[in-house]
Structure formats: structure tokens, C-alpha cells
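The structure appears right after this line, and notes come after that.
The values are calculated or read from the model by the stated rules, or taken from the named source; none is laboratory data. Treat the numbers as computed from the prediction; the structure is a model and nothing was measured. When we count neighbours, we look across all protein chains shown, and the Cβ atoms used for this are built from the backbone with ideal geometry, even at glycine.
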Amino acid sequence: MNMGSLIRRHRKERKLTLKAVAEKAGISEGFLSQVENNVNSPSVDTLVRICDSIDVNAGDLLNEIKNQERLVVIRKSDWDDIDLPHTGFATRRFFSPEKRTVIDSAILLIEPDKSIPIRKDIKNAQEVLCILKGSLELVHGEHTIRMVEGDTVHLWSDTKSQRITNTSEELAVALWVGTL
């Protein structure tokens, strides 16, 4: 498990909400969600405050991380454990930022009528998007592609006019992989 998954597991074991832990740790709910989904890494001071907020020793948490495997599995049954913040989407990364060197990958969960913003500050990057549940609309340059469960697209990133939107009435889940 990675740090975000461990923090989420300990938080949920104690039946604490993102909001409650974030307030106690003195951070935003959005930042805590990013930490739990391995989008962002906290400073040591912030990690200690998060651990204190969920009644876990930061050293014990770091030892769990140190002993982790180099293989990450996100099971379908985990999809329901991902808390969606007010933005209406969550990006559940397989690896934390410091472990991503060549590619980035994530499970995307997008609520109806919500979009995921494009990656910024990338050049000559490629992406693969595979719909696992529901449907999504991909706008890429002048093209608009409606994708349903099982559809996959490989594309060159277009930072000026690219958007992924859930235009359906149910939660959409996709596997996303992109070069860095």
C-alpha cells in the first residue's frame, strides 16, 4: 500500500470523514483527498498532523510504507471507498508523485455532468483512456468522441483543447495512463 491508501484505511477504520480529519490537521479537505489519492504528498509536518488527527503514529505509518511492495493493485471493490470531493471527480493514482518517473496512471472516477481538467505543463505526452464503467465524452482538438464501457483511446495530449466529461447520469470509471 502507498501512503495515501494507508491514511485512508486508518481514517475509515476510525469512521472519520475527510472534512473532520482535514479540519483537525489544519489542511483543506481537497488537499487531504489529493494525499489519499496519491496526487499530492504532504510535508513531514503535515503528515504528522494528519497522523495525529487519525490517531496513528507517523513513524509506524512510514514503516508500513517502507515495507511496501513495488506492485499496486486497485481492486474494483475499492472504487466504492473513494470519496469524491466537491469537484465531482477523484483521481486515484497507482503510485505517489515521487515514484512516477516515466508514466503516470490512475483510476478516474467522475460524477455525472463533471469534467476532469487537463494536465498542464506537458509537452509531447501521450495518453491512454479506457472506460471501465459508464460512459465519458472526450473532447480532443476538433474531435468529440463519446466513449462507453470497454472503449479505449490512445492520443497525443492537447493541452489547449482537451477535456474528459461525464455526460451520463451515473458515475463513470476509467483507467488513464499518460507519459510524463
task: Scan the range 2-39 for residues that are surrounded by fewer than 17 Cβ atoms within 10 Å (Cβ to Cβ) and on the phi > 0 side of the Ramachandran plot and report the count.
output: 2
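Does the range 123-135 contain at least one residue that is within 23 Å of HIS10 (Cβ to Cβ) and at pLDDT 85 or above?
Let us first name the residues in the range 123-135 that are within 23 Å of HIS10 (Cβ to Cβ), namely none.
Within the range 123-135 (the criterion being within 23 Å of HIS10 (Cβ to Cβ) and at pLDDT 85 or above), the answer is no, since none of the residues qualifies.
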Given (1) part of a loop (DSSP other than H, G, I, E, B); (2) within 16 Å of ASN40 (Cα to Cα); (3) at pLDDT 80 or above; (4) touching a strand residue (DSSP E or B) at 6+ places or on another chain (Cβ under 7 Å), number of the condition ARG119 does not satisfy: (3)
query: Has the range 158-166 got any residue that is more than 23 Å from ASP83 (Cβ to Cβ), touching a residue at least 40 places away in the same chain (Cβ under 8 Å) and part of a strand (DSSP E or B)?
result: yes
query: Scanning for something in contact with a helix residue (DSSP H, G or I) (Cβ under 8 Å, 6 or more places away or on another chain) and either crowded, with 19+ Cβ neighbours inside 10 Å or not in a loop (DSSP other than H, G, I, E, B) (or both), does the range 100-109 turn up at least one residue?
result: yes
